[in-house]
Amino acid sequence: MNVLILTKCIHAEEDFSKRLYQLGYEVFCSCELLNKLKSKVTADNITKYFQIIIISETVSDSEVDNLLENREFYSAVLYRKSSILTEVPEKLTGKIQDVVVNDESLESLREKLSKNSQKSMSDKFANITTSKKDNFESFFPFSKQEKIVFELLQEANGGIVSREEICERIWSKVTQSNLARTSSIVKRIKIKLESLGIEDSSLQTLWGKGYRLVQG
């Protein structure tokens with residue numbers, strides 16, 4: 001799982017980054033990306049490669065407020081890092097998942113990141129699958145055909161979509177070759193859901209019937 005630390009000083013994150021490495025995370029610290037996100041120079045989907053984003057204590061509260069007010073982080077769970085144990089400010093509830101502390105024990109850090117990330121990603125997934133279609137384009141790195149299949153599953157509102165329906169939507173005809181390609185497309189979608197921390201069961205395969213997207 002990839003972790004992005006938005007910071008004003010990369011050196012200040014060295015010890016904390018080592019702790020994340022010990023837990024098996026891939027860690028990337030960036031000052032430049034923080035500045036670009038604040039100045040709206042870069043697109044929101046630049047963060048789609050990270051499942052967890054941690055905003056360092058080197059970033060002021062006012063800067064955090066501004067960042068969260070003007071940016072959407074659909075594909076990531078956000079945490080605020082602090083030098084002391086505190087709670088998420090009420091105004092940031094729903095945007096910041098939790099607060100992590102520099103000297104937090106590995107056990108506590110492990111459980112906080114894994115448990116909360118899985119729950120929050122599932123919640124975000126439920127919200128995205130029932131919202132406007134253009135919202136999930138910044139949430140999922142889908143190819144054109146994957147997007148078509150995902151939209152079809154969305155439109156079914158939890159109902160079953162057959163492989164034949166998918167073939168008709170993408171290629172306008174049903175052939176054995178297209179049926180096999182449909183299975184491959186769904187498999188790639190599942191892999192991308194898993195890479196974002198979304199449970200495999202969210203997209204169900206019903207043998208002999210088709211596929212169903214579990215929403216909420």
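Readers should treat all values here as calculations from the given coordinates under stated rules, not as data from a laboratory. All of these numbers come straight from a predicted model, not from anything done at the bench. Virtual Cβ from ideal backbone geometry, glycine too; neighbours counted across all protein chains shown.
If neighbour count is taken as other Cβ atoms inside 10 Å, put THR86, THR182 in order from fewest to most. Mind dumping the intermediate values first?
Working: THR86 10, THR182 25.
Fewest-to-most Cβ neighbours within 10 Å comes out as THR86, THR182.
If packing is taken as the mean number of other Cβ atoms within 10 Å per residue, what is the order of 50-57, 168-175, highest first?
On the way: 50-57: 22.6, 168-175: 13.0.
Top to bottom by mean Cβ count within 10 Å: 50-57, 168-175.
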Requested in this report: Hey, can you grab everything whose amide H is under 5 Å from the amide H of GLU57? Only 5+ residues off in sequence or another chain; H modelled, so Pro and N-termini drop out.
Outcome: LYS81
Report task. Send over the semi-axes of the range 144-213's equivalent ellipsoid, whole angstrom and largest first, taken as the square roots of 5 times the C-alpha gyration tensor eigenvalues. Result -> 19, 13, 11
Requested in this report: For the pairs LYS38/LYS81; LYS18/LYS192; LYS147/LYS192; LYS18/LYS95; LYS95/LYS192; LYS112/LYS187, note any where the Cα-Cα span goes beyond 20 Å.
Outcome: LYS18/LYS192; LYS18/LYS95; LYS95/LYS192; LYS112/LYS187
